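The values are calculated or read from the model by the stated rules, or taken from the named source; none is laboratory data. Worth saying up front: this structure is predicted, and the values here are computed from it rather than measured. All Cβ positions, even for glycine, are placed from backbone atoms using ideal geometry, and neighbour counts span all protein chains on display. We work out accessible area using only protein heavy atoms, side chains counted, and drop any ligands, DNA or RNA first. Shrake-Rupley method; radii C 1.70, N 1.55, O 1.52, S 1.80 Å.
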Amino acid sequence: WVIRHQSQFQDQRSSKKICSSKRPTAGSLSQQYLHSAVISPLVPHGDETFSLLHHNHDDVKVKLFSDAYTRRADEPDGVKNNCLTLQRLCQHFQASPLDLLRFDSAKSDGIRGVYLNRSARRNDILLQLPLDACLVDENYPEWLSNAYDSSQWATRLAASWLDVFLKSNTENEGLHLWLSLLPDPEFLQASLPVHWPEEVVANARSTSLELAVDTAYFARAEAVQTLVAGLRSSPFSQNWSQEEMSKLAHRALDVVQTRSCRLEMERNRHCRVLAPIFDFINHGSQKMKNDNDQHVDGHANAAFTRDGNSLVVRALYDLQQDEEVLIDYGDSARPAWKCLLSYGFVPRCNDSKAEDNLAEVYMMGQRYEVSAETIPVDMVVDVAAATATDLDAQNIPKLPFNTPTGPENVVLTPEVATRIAERCEEVGFFMLLVPELDSYQNFDEEEDVDQALASLAPTEVLSHSLAASLRWSQHKVLIACAEGLRRFVAEEELRKDRT
Ligand SMILES: C[S@@+](CC[C@H](N)C(=O)[O-])C[C@H]1O[C@@H](n2cnc3c(N)ncnc32)[C@H](O)[C@@H]1O
């Protein structure tokens, strides 16, 4: 069992302990929700990642959603064939190989991605794309001012995207085709928590997400302001009202947020890039392994680098024909709340080796984050202080610590482990309950929750489902954590009996 520093997986801000001001305290937490809760129909079944297609309350809307997201209604004629579409993009952008990849949708959840037309060997080049074909944050349009700060790369890249988007009717056929294949703007927007109403963000039950959304909200407002000011002085200004310009700016930032990557350049320089074709590759975690340390379905099987003036994607292993190409999106895709914030989806994390994910637990008014295999030192210390008054130091087992800076003098007693396990189970159960019902508009407590969900627009179904997915993913972490702690307690008791 690993006790880790609270900050091991987190950024500085979210690693701070937060006294619960907004949320109910530990004692009242489950009581309050149990009181009015019913089991959520949005909770996924089995071990599958949550899929909208499993949502059986509004099949029509959900179907509509999946079509709209994977294929634009105005997709140009003659490019229905997935292989040909990608091949045409490769020709336009001088990418190679020409015919190795195709677009396809996963059978399980309908999510579009890039698949192999034939097998590939480890280290083979799956995609080589000239950087000239990409939008690079350094080459932003002249009409953008006030965005020279390095932290404003998203604003610069969004300006480049807007420039291409607004000119796309007259110029470059390849860019036009690429733009026509991008996700439907409304659904893209609905997938990103920065656009969600406060109560939907709260329904995901992650304080880290709530705090990060607050920060992202203000950063977004600033970026939109800069882009709109730029657009006003651009050649396109006369065509758009203020409201339309701000909507466009949001759309550009959504595209950049979910589809750009960071590339290391020469002399320790790096830049942010929006790379057509490459931007259709989905995320798989490099850390997804089973108990025997073998890779499982959905793990990353490719990686990208800059090679001279190209962006190059190579196979990490020997790959089969029809396999989906997956790259690891990096730190912004873990833990799950951060992936939701950044990319608008909740990643599949396997439970037994869930190094990728964390779940929050409030205990005694403090917030902690546990993973399936680790708990923070602070949590152990705080719970021990609250639990034990006369512990016999002789009987306290010393534990191995995997962290080099591990606090060797902190011990996890069976008593403390049991308290934490109980709390994890309690919060884990709470994650399965429907959030405050009044967040579903027009919901009368007497009515069935199905009815309230049926009244949601398709985009609202998406945001509510994603919030439910994050609750589900936290539930799995909490239950795995509790199971691990219970195992530890059982082993300790056995050991005590033997001695
Ligand atoms: C770089 S794009 C990848 C291509 C995208 N699927 C498409 O159809 O345009 C990133 C977006 O794809 C989706 N995505 C990527 N990896 C995913 C995954 N493992 N599970 C679910 N959605 C994923 C998310 O919507 C994300 O914002």
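In segment 218-246, what residues are surrounded by fewer than 16 Cβ atoms within 10 Å (Cβ to Cβ), over 15 Å from Leu144 (Cα atoms) and not aliphatic (A, V, I, L, M)? Hits for segment 218-246 are Phe218, Gln238, Asn239, Ser241, Gln242, Glu243, Glu244. Screening Asp254 on (1) touching a helix residue (DSSP H, G or I) at 6+ places or on another chain (Cβ under 6 Å); (2) open to solvent by 20 Å² or more (accessible area, probe 1.4 Å); (3) acidic (Asp, Glu); (4) closer than 30 Å to Ser310 by Cα shows it passes everything except condition (2).
Here Gly174 passes the criteria (1) crowded, with 18+ Cβ neighbours inside 10 Å; (2) within 16 Å of the ligand (Cβ to nearest atom); (3) at pLDDT below 95 except the one numbered (2).
Scanning segment 223-238 for residues that are out of contact with any helix residue (DSSP H, G or I) (no Cβ under 8 Å at 6 or more places or on another chain) and assigned to a helix (DSSP H, G or I) yields Gln225, Ala229, Gln238.
Among the residues making up segment 177-203, those that are away from the ligand (no atom under 16 Å from the Cβ) and surrounded by 18 or more Cβ atoms within 10 Å (Cβ to Cβ) are Val200, Val201, Ala202, Asn203. Restricting attention to segment 98-113, the residues that are within 21 Å of Asp318 (Cβ to Cβ) and within 8 Å of the ligand (Cβ to nearest atom) total 1.
Residues to consider are Gly284, Gly344, Gly365; find the one that is under 19 Å from the mean Cα position of the chain (by Cα), modelled with pLDDT of 90 or more and not assigned by TED's automatic domain parsing to the domain that holds Gln189. Walk me through how you get there before you give the answer.
Details: Gly284 fails: not assigned by TED's automatic domain parsing to the domain that holds Gln189; Gly365 fails: under 19 Å from the mean Cα position of the chain (by Cα).
The match here is Gly344.
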